[in-house]
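Shown next, in structure tokens, is the structure this report addresses.
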């Protein structure tokens, strides 16, 4: 998910996205949605089936900025 869509999702959840790195913002969204704030930390398995970032997290190398 690109940063614009991540920011839009954050705003929809009441999170102020500006000044936050993408990784930190995604983790805040995860917490707000009731998931573990673990984006980019899983290696082979993820049990957070309801996380909207699951496919991005498990399917790509994570850019840490």
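Taken together, the values in this text are just the output of simple stated rules run on the coordinates, not laboratory data. Since the model is a prediction, treat every value here as computed from it, not as a measurement.
General remarks:
- Cα long-axis angle, helix 22-32 against the chain (0 to 90 degrees, to the nearest 10): 90 degrees
- Degrees between helix 3-12 axis and first principal axis of the chain (Cα, 0 to 90, nearest 10): 70 degrees
- Calculated on alpha-carbon atoms, Rg and Dmax of the stretch 3-59 in Å: 10.8, 32
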